[in-house]
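Here is the structure we will look at.
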Amino acid sequence: MADPVGRTVQRDGHHPNTHGLAWHVVPAVHLALLTVVAILSGIINALAGGGSLLLFPTLLALGFPPLAANVTNSVAQCPGYMGFALGSRRELSGQLARVLSTAGVAMVGALGGSLLLLVLPATVFDAVVPALIALASLLLGVQPWLDRWVGKPASGAKDRRSVLLPAVFLAAIYGGYFGGALGVLLIAVLALAASDDLRRLNAVKGILSLIISVVSAVVFAIGAPVDWLAVALLAPATLLGGYVGAQLAGRLSAAMLRAAVVAVGLAVSIYLFLR
């Protein structure tokens with residue numbers, strides 16, 4: 001039996017030997033589309049979070065199974081977060097203690113989430129991913145209202161670590177398992193429990209996203225169906241997008257980008273529910 005892009009499919013629905021594309025038959029226009037989407041994904045992750053909700057459905061549309069699309073997307077996003085971190089050095093100044101205090105729980109949570117993805121059957125991921133995409137999309141959509149509800153942090157107040165650390169841990173588990181709109185969760189947590197300017201907290205979000213992404217990538221490299229040819233194409237594009245996004249953060253409104261990502265995410269969720 002063959003799938004829509006001509007690959008052989010086993011009766012259990014999995015692809016033998018590879019879970020990615022037959023790259024020798026991929027049209028150049030599809031490669032260009034992936035590159036452009038990856039750049040946009042890196043920019044959106046830096047500006048608002050949720051960029052992976054653009055790249056994930058693009059991989060699905062090109063024939064990736066959901067699990068392979070998820071892990072390939074997660075690994076390919078690593079350089080984008082690195083570019084964001086490099087472009088946010090000024091905003092990270094004076095936040096070493098905050099980064100160190102949250103980095104440890106982020107690493108443990110990401111390890112737990114990514115191992116959970118590998119341990120549970122692929123059918124579980126196929127069943128829950130539509131709900132995860134819908135949840136991530138809705139969280140991205142309500143982020144402006146959440147920001148207003150949280151309010152401006154009190155000047156000079158200490159971080160509420162009793163809230164911050166457990167919340168980062170739970171967000172990291174989510175990020176290790178799926179990762180869509182992880183940045184939205186992290187910036188909401190930081191805005192709620194940490195006392196600082198949101199642009200500086202956005203830079204911390206980038207560091208935590210990088211940590212979670214790297215931990216997940218290491219786990220997925222060992223035991224998940226990562227398409228490394230796709231990663232080789234997408235990683236430089238997300239790196240460029242992340243760096244550009246860091247330069248734009250705080251200078252460009254992300255409202256239209258947020259609306260587009262939410263629309264795409266909900267459309268993909270509905271498609272997967274009905275599939």
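A short reminder: the numbers here are calculations on the coordinates, not readings from a lab. Here the structure is a predicted model, which is why all the values come from computation and not from measurement. Methodologically, a virtual Cβ is constructed for each residue, glycine included, from the backbone with ideal geometry; neighbour enumeration extends over all protein chains shown.
What the table shows:
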item: Inter-centroid distance (Cα atoms) of the stretch 177-205 relative to the stretch 48-70, Å; result: 22
item: Rel. contact order, % - alpha carbon contacts under 8 angstrom, at least six apart, the stretch 23-274; result: 43
item: Packing-based ranking, highest mean first, of 235-245, 115-125 given that Cβ atoms within 10 Å are counted; result: 235-245, 115-125
item: Per-bin percent of Cα-Cα distances, the stretch 23-274 [10 Å]; result: 8, 34, 39, 16, 3, 0
item: V218 versus Q95: modelled label distance in nm, points set 7 Å from Cα along the beta carbon direction; result: 2.3
